[in-house]
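Below is one structure. I have some questions about it.
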Amino acid sequence: MTKRTHERYALTRSPLAQRLTQKKLANLLRRPLPQLKGLIKYKKSFVVAEVREIDGKARPLCYPRGPLRSVNEALKYQLSKIRLPDYVASPRRGRGQRENAAVHVDAKQILTLDLRKFYPSVSRRYIARFFREEFSMHPDVAGLITELLTFEGRVLYGAPATPVLVMLAHRKMFDQIDNACLAFGTKMSLWVDNLTISGAEVPGALLVQVREIIASHGYKTHDIAFVTTNRDSTVTGVVVRCGELHPANSSNLAIRDLEAALRNSVDPSEYEAKANRLLSRLGGQLHILGTQREWGQKIARRMNVIRQKRDKRVRSNSK
């Protein structure tokens, strides 16, 4: 049996919540305390700040490298062992966009909204207070761990630990939203900073209440959309239509472009790389559709043909 290393216990049972000293925190992270303090002192040398295009949007990233990234990974490991509420689809191991959309497949009406500039708005002060109050950390320990997870007064946007850290730090806010949804007979799922709420009906009064809860915590919402599922409604890149899940049209267009590029590939190594990208995209569609549906079975057969052609090219090139 595989040892379970994630979501093992409640927050209060986390090793981070056991009133650690700075030295014990360093031992937990398997780093000498002077090294941790040195990383904080020379933090600018271990942080990369850049603007990168993600999903068609220019996003300012700020992420650690070298030994600071290793420490960030160690903190992610500790935070990821804390149990999350069921409404969280991401950040969560073992759940993807399909699983998030599947929560809402039987709904008649769906509401989606995003938290505006959520991660870049999370302050160092908010994170420090979270560690002091929720983990019962001594102020100096909370300060040390916060400095390892933030840069220039904000969380490291693009760092490994940031998604689970931000979710846990805002657990009270998301719990309040979930309770409001349950009171209206609806259900909610969270994908990073995207909220999806669905039910037989999603009342406007619920939207007002959800936005008030978010505003009370100092954040704003945008990209608000109400849709009914008798026509296409997209939930985290997956189309919900009449009780079934479908790949988004953008995925079909990407596959068409990849197939055209593959047909025009002459070099064997280039052909292999493009075939692998196409297989990855088709595999995503197969995951959404499943193998029980006819469309899914057709995709599975297409993938087998592509694999055979790819392997034949690779064998021919190696002779």
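Give just the number: which of (1) in contact with a strand residue (DSSP E or B) (Cβ under 8 Å, 6 or more places away or on another chain); (2) part of a loop (DSSP other than H, G, I, E, B); (3) among the hydroxyl-bearing types (Ser, Thr, Tyr) does residue 136 not satisfy?
With respect to (1) in contact with a strand residue (DSSP E or B) (Cβ under 8 Å, 6 or more places away or on another chain); (2) part of a loop (DSSP other than H, G, I, E, B); (3) among the hydroxyl-bearing types (Ser, Thr, Tyr), residue 136 is out only on (1).
Would you tally the residues in region 96-118 being in contact with a strand residue (DSSP E or B) (Cβ under 7 Å, 6 or more places away or on another chain) and over 16 Å from residue 193 (Cβ atoms)?
Residues of region 96-118 that are in contact with a strand residue (DSSP E or B) (Cβ under 7 Å, 6 or more places away or on another chain), as a first pass: 97-105, 107-116.
Checking which are over 16 Å from residue 193 (Cβ atoms) leaves us with 98-99, 101-105, 107-110.
Count: 11.
Here's something else I'd like to know. Answer yes if at least one residue in region 205-224 is in contact with a Ser or Thr (Cβ under 6 Å, 6 or more places away or on another chain), in a helix (DSSP H, G or I), surrounded by 14 or more Cβ atoms within 10 Å (Cβ to Cβ) and not hydrophobic (A, V, I, L, M, F, W, C), and no otherwise.
yes
Filtering region 139-163 down to residues that are touching a Lys or Arg at 6+ places or on another chain (Cβ under 7 Å) and part of a helix (DSSP H, G or I), which residue is surrounded by the fewest Cβ atoms within 10 Å (Cβ to Cβ)?
Applying the first criterion (touching a Lys or Arg at 6+ places or on another chain (Cβ under 7 Å)) to region 139-163 yields 139, 142, 146, 150-151, 153-154, 160-161.
Checking which are part of a helix (DSSP H, G or I) leaves us with 139, 142, 146.
Working: 139: 10, 142: 21, 146: 21.
Only one residue tops the list, namely 139.
Given the conditions (1) closer than 29 Å to residue 177 by Cα; (2) at pLDDT 90 or above, report the number of the one that residue 57 does not fulfil.
Among (1) closer than 29 Å to residue 177 by Cα; (2) at pLDDT 90 or above, residue 57 violates only (2).
So which residues in region 27-54 are at pLDDT 95 or above and touching a Lys or Arg at 6+ places or on another chain (Cβ under 6 Å), if there are any at all?
Passing the criteria: only 33.
Further question on the same structure: Take the conditions part of a helix (DSSP H, G or I), aliphatic (A, V, I, L, M), modelled with pLDDT of 95 or more and closer than 23 Å to residue 81 by Cβ and apply them to residue 166. Does it pass? Show your work before the answer.
Working: part of a helix (DSSP H, G or I): yes; aliphatic (A, V, I, L, M): yes; modelled with pLDDT of 95 or more: yes; closer than 23 Å to residue 81 by Cβ: yes.
In short, yes.
Which residue out of 250, 280 is closer than 25 Å to residue 117 by Cα and assigned to a helix (DSSP H, G or I)? Spell out how you get there, then give the answer.
Values: 280 fails: closer than 25 Å to residue 117 by Cα.
250 is the lone residue from the list that is closer than 25 Å to residue 117 by Cα and assigned to a helix (DSSP H, G or I).
What number of residues within region 88-124 satisfy the criterion of being over 23 Å from the mean Cα position of the chain (by Cα) and surrounded by fewer than 17 Cβ atoms within 10 Å (Cβ to Cβ)?
2
Only residues that are basic (Lys, Arg) and closer than 18 Å to residue 246 by Cβ: list them for region 259-314, please. Working first, answer last.
The first filter runs over region 259-314 and keeps only residues basic (Lys, Arg), leaving 263, 274, 277, 281, 293, 298, 301-302, 307, 309-310, 312-313.
Within region 259-314, 281, 293, 298, 302 meet the criteria.
Taking only region 42-70 into account, find how many residues are surrounded by fewer than 18 Cβ atoms within 10 Å (Cβ to Cβ) and under 25 Å from residue 136 (Cα atoms).
Of the residues in region 42-70, 1 are surrounded by fewer than 18 Cβ atoms within 10 Å (Cβ to Cβ) and under 25 Å from residue 136 (Cα atoms).
Restrict the check to region 137-158 and report whether at least one residue is touching a residue at least 24 places away in the same chain (Cβ under 8 Å) and in contact with an Asp or Glu (Cβ under 6 Å, 6 or more places away or on another chain).
no
Let me ask something else. Name the residue that is surrounded by the fewest Cβ atoms within 10 Å (Cβ to Cβ), counting only residues in region 225-248 that are β-branched (Val, Ile, Thr) and over 24 Å from the mean Cα position of the chain (by Cα).
Step one: of region 225-248, the residues β-branched (Val, Ile, Thr) are 227-229, 234-236, 238-240.
From what's left, over 24 Å from the mean Cα position of the chain (by Cα): 228-229.
Numbers: 228: 12, 229: 21.
If we take residues in region 225-248 being β-branched (Val, Ile, Thr) and over 24 Å from the mean Cα position of the chain (by Cα), then 228 is surrounded by the fewest Cβ atoms within 10 Å (Cβ to Cβ).
Each row is one residue, and each column tells you yes or no for (1) within 22 Å of the chain's Cα centre (by Cα); (2) farther than 22 Å from residue 33 by Cα.
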| site | (1), (2) |
| --- | --- |
| 134 | no, yes |
| 142 | no, no |
| 150 | yes, no |
| 156 | yes, no |
| 160 | yes, no |
| 192 | yes, yes |
| 202 | no, yes |
| 206 | no, yes |
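The values are calculated or read from the model by the stated rules, or taken from the named source; none is laboratory data. In this text, all values refer to a predicted model and were calculated from it rather than measured experimentally. Positions of Cβ are backbone-derived with ideal geometry, glycine not excepted, and every protein chain shown enters the neighbour counts.
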